[in-house]
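This report concerns only the one structure given below.
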Amino acid sequence: MFAESKFRELDGDGDGRLSVRELQPAVEGIGAELGLPARGSSPNADHIYSEAISELTHGKKEEVSRTEFQEVLSDILLGMAAGLKRDPIVILRIDGEDLRDFVDSPRYEPDAAAIFSKIGSEDMSLRQCLLAALQLLNVDNGMPPASDPWVEENLVEPALQQLPAGQLEQPASQDVFFEQLKKLLSNITERLQEQPVIVAHTENTFDGSGVKRLLDNKFELDKLLDSVWKDVPTEHKKKGIKESLILALDKMADAASLPPYGAVNQVDAVVNEALKMVNADDTTAVEEAGFKKLLTDVLGAVMMQLNGQPIFVSNSTVVHEPLFSSSTLLSPPPVKSSPTE
């Protein structure tokens, strides 16, 4: 009954089938319920949305029938759960308390000195130094992402306007920078107390341990290699092998605890280096056994690089929509009241 009610709500044109266009808002509504960043604002969140749509359409079709919808409704949440397991998203309410504690703590001066050494320049005005400093602070300091347009307009710019205007355009010495950064952060703290900001925050460390677990599990590895060989399109197999290997790595990403190719630049660089090590650019089409060996070698090269130099990635996105806005797909169908006699 629930699935039937949801299907009728989503089937805008009443043709008895749901298009991807009709499904998209529903899946995004689930994301809002779970506190995911809006679609298009985060590569990790976008991958979760894509997994959910793929679960519904089996990754191949453009439409879903009523029967198919009933069968896979729960798979939407399973797809999101798989993405969230790999990329947990923490929802933070930033209200100025942590930022005030940072400013008042003994670590403020050494941290400010480290920041100034990174950005300080005789050619930079105090304003430029302060704005650059805010980009280097994060949720660990109690600071929402300063690059967010809303944060910039409602927190950063008004806080800057409270500082001496003439001084902002002058070159900044270290002492002046320390003093004015402290005042700027205190001004931002006051504004956060009036207007707390909700931030979706993710952290991941890619150290090759997930790849090692996969390579050590021969049964699981062989099963995955068989699966990806069948799933790689024939036209890719006939072209240069590099594209096929990247497609295959994407299909193995979850099992190897790696991000999708294109989501994390630093990990992409590691994958590209591994592909060079196996001469993927120079290799023409190969048979099944050769492809599986190349793919295993690439995974091994990725593991060695990440094991030697782990990659830490964090991402913070301001959530502008209410966390618990109603989801078209998850909200219960209206209960019809029985007529009273």
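Looking across segment 1-31, just one residue is touching a strand residue (DSSP E or B) at 6+ places or on another chain (Cβ under 9 Å), small (Gly, Ala, Ser) and in a helix (DSSP H, G or I), and that is Ala26. In the set (1) open to solvent by 50 Å² or more (accessible area, probe 1.4 Å); (2) farther than 26 Å from Pro110 by Cα; (3) touching a Ser or Thr at 6+ places or on another chain (Cβ under 8 Å), the condition left unmet by Gln170 is number (2). Scan segment 173-194 for residues that are among the aromatic types (Phe, Trp, Tyr) and either open to solvent by less than 20 Å² (accessible area, probe 1.4 Å) or outside the structural domain of Asp101 (by the TED database) (or both) and the total you get is 1.
Residues in segment 195-221 that are of a type in the set (Phe, Trp, Tyr) and either within 25 Å of the chain's Cα centre (by Cα) or not in a helix (DSSP H, G or I) (or both): Phe206 alone.
Which is surrounded by fewer than 20 Cβ atoms within 10 Å (Cβ to Cβ) and among the β-branched types (Val, Ile, Thr), of Val139, Val197, Val151? When all the criteria are applied, what remains is Val139.
Of all the residues that make up segment 74-117, how many are modelled with pLDDT under 70 and open to solvent by 10 Å² or more (accessible area, probe 1.4 Å)? Explain how you work it out, then say what you get.
So in segment 74-117, the residues modelled with pLDDT under 70 come out as 74-87.
If we keep only those that are open to solvent by 10 Å² or more (accessible area, probe 1.4 Å) too, we end up with 74-75, 77-78, 81-82, 84-86.
Residues flagged as modelled with pLDDT under 70 and open to solvent by 10 Å² or more (accessible area, probe 1.4 Å) within segment 74-117 amount to 9.
The values are calculated or read from the model by the stated rules, or taken from the named source; none is laboratory data. Everything quoted here is computed from the prediction, not taken from an experiment. Glycine gets a Cβ as well: all are built from the backbone with ideal geometry, and neighbour counts include every protein chain shown. When the accessible area is computed, the model is the full protein with side chains, heavy atoms only, and any ligands, DNA or RNA have been set aside. Shrake-Rupley method; radii C 1.70, N 1.55, O 1.52, S 1.80 Å.
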